[in-house]
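The values are calculated or read from the model by the stated rules, or taken from the named source; none is laboratory data. These numbers were taken from a predicted model, which means no experiment stands behind them. All Cβ positions, even for glycine, are placed from backbone atoms using ideal geometry, and neighbour counts span all protein chains on display. Surface accessibility is based on the protein's heavy atoms, side chains included, excluding ligands, DNA and RNA. Shrake-Rupley method; radii C 1.70, N 1.55, O 1.52, S 1.80 Å.
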Amino acid sequence: NAGVTQTPKFRVLKTGQSMTLLCAQDMNHEYMYWYRQDPGMGLRLIHYSVGEGTTAKGEVPDGYNVSRLKKQNFLLGLESAAPSQTSVYFCASRPPGRGLQPQHFGDGTRLSIL
Amino acid sequence: QQQVKQSPQSLIVQKGGISIINCAYENTAFDYFPWYQQFPGKGPALLIAIRPDVSEKKEGRFTISFNKSAKQFSLHIMDSQPGDSATYFCAASIWSGNQFYFGTGTSLTVIP
């Protein structure tokens, strides 16, 4: 019973490199989210998806792209990494329906951009 | 612009004491207010949540107090224990919406 799994857990990149963060959930949740967590800033929403094949921008989408080709996976891409993107990235999923449906979070990906 | 403002940034409480964390919001469309608990190296996990049709919700040692007119809500942890040491985030969303807006977090340390 894995829940939400994020890959990789740690990564160091050089400025300008690209990479993809993978989020996989086994709970058949419709909604999936990508957040970044920075000291003193809390969790800020990057992009989210309300179903397979659909994505939408959150509060801080610039510099990131996402794809939801399969219901269980939500990919976050950095095309040209910048030091400002050094952060801890969290993926979350939520059951269908509205209201008191909690988000289930993964354990994060720690990304450093040099 | 921070949609949800949270204070204090850090809090140190003696074992057995009461921990109080406060949050405030501006958007009157928000009508769902969850609190999340996060341990080091882990993702946040839902702790307790409230809707504005009630002024208080209690689950064990954790209580949310809600003041709709002041647009404020707070988390009270009674009989705080060292195992409660974690970072706590308040959040807000619209019941029918998809986005959650988080506060900046409070690092709670409960000393024995």
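Taking a 1.4 Å probe, which of B:Ile12, B:Ile18, B:Ile111 shows the most accessible area, and what order do the others take after it?
B:Ile12, B:Ile18, B:Ile111
Considering only A:Leu22, B:Leu108, A:Pro96, whose Cα is most displaced toward the positive end of the charge dipole of the protein assembly as shown, charges sitting on Cβ of Lys, Arg (+1) and Asp, Glu (-1)?
Of A:Leu22, B:Leu108, A:Pro96, it is A:Leu22.
Principal axes first, then extents: for the Cα atoms of the protein assembly as shown, list largest minus smallest coordinate on each axis, whole Å, largest first.
If we take the Cα atoms of the protein assembly as shown, the spans are 48, 37, 37 Å.
Please report the accessible area of A:Thr20 (heavy atoms, 1.4 Å probe, ligands and nucleic acids excluded) in Å², nearest 10.
We get 80 Å² for A:Thr20.
Would you list B:Val110, A:Val66, A:Val50, A:Val12 from the most to the least accessible area, probe 1.4 Å?
Ranked from most to least accessible, the order is A:Val12, A:Val50, A:Val66, B:Val110.
Among A:Lys57, A:Lys14, A:Lys71, which one moves the most in a GNM of chain A with springs linking Cα atoms closer than 10 Å?
Comparing A:Lys57, A:Lys14, A:Lys71 in the GNM, the peak value goes to A:Lys14.
For all pairs of alpha-carbon atoms in chain A, what percent lies in each bin of width 10 Å, listed from the first bin to the last filled one?
Once binned at 10 Å, the Cα pair distances of chain A give 15, 50, 29, 5, 0.
Please grab the % of Cα pairs in the stretch B:4-105 that end up more than 22 Å from each other.
Result: 24 percent of Cα pairs exceed 22 Å.
Longer than 32 Å from Cα to Cα, which of A:Lys9/A:Lys70; A:Lys14/A:Lys70; B:Lys42/B:Lys71; A:Lys9/B:Lys57 are they? Say none if no pair is.
Pairs exceeding 32 Å: A:Lys9/B:Lys57.
What residue among A:Ser80, A:Tyr64, B:Ile48 has its Cα farthest toward the positive end of the dipole of the protein assembly as shown, where the charges are +1 on Lys, Arg and -1 on Asp, Glu, each on the Cβ?
A:Ser80
Let me check against my output: what whole-number percent is the relative contact order of chain B, with C-alpha pairs under 8 Å and at least 6 apart?
Here the relative contact order equals 38 percent.
Roll a 1.4 Å probe over the protein heavy atoms and report the accessible area of A:Leu69 in Å², nearest 10.
Only protein atoms counted, so the area is about 140 Å².
Using alpha-carbon pairs under 8 Å, 6+ residues apart, how would you state the relative contact order of the stretch A:25-85 in percent?
Relative contact order here is 27 percent.
Accessible area, 1.4 Å probe, largest first: how do A:Glu79, B:Glu56 sort?
Result, largest first: A:Glu79, B:Glu56.
If contacts are Cα pairs under 8 angstrom and at least 6 residues apart, what is the relative contact order of chain A in percent?
35
On the full set of protein chains, 1.4 Å probe, figure out the accessible area of A:His104 and give it in Å² to the nearest 10.
For A:His104, solvent-accessible area is about 70 Å².
Would you work out which of B:Ile20, B:Pro34, B:Ser65 lies farthest towards the positive end of the dipole of the stretch B:1-74, given +1 charges on the beta-carbon of Lys and Arg and -1 on that of Asp and Glu, about the Cα centre?
It is B:Ile20, whose Cα lies furthest towards the positive end.
Within 10 Å of each Cβ in A:59-65, how many Cβ atoms from other chains are there, averaged over the peptide?
Average neighbour count from other chains, rounded to a whole number: 1.
Let me spell out the model: positive unit charges on the Cβ of Lys and Arg, negative unit charges on the Cβ of Asp and Glu, origin at the Cα centre of chain B. What dipole size does that give, in debye rounded to 20?
Using only the charged Cβ atoms, the result is roughly 60 debye.
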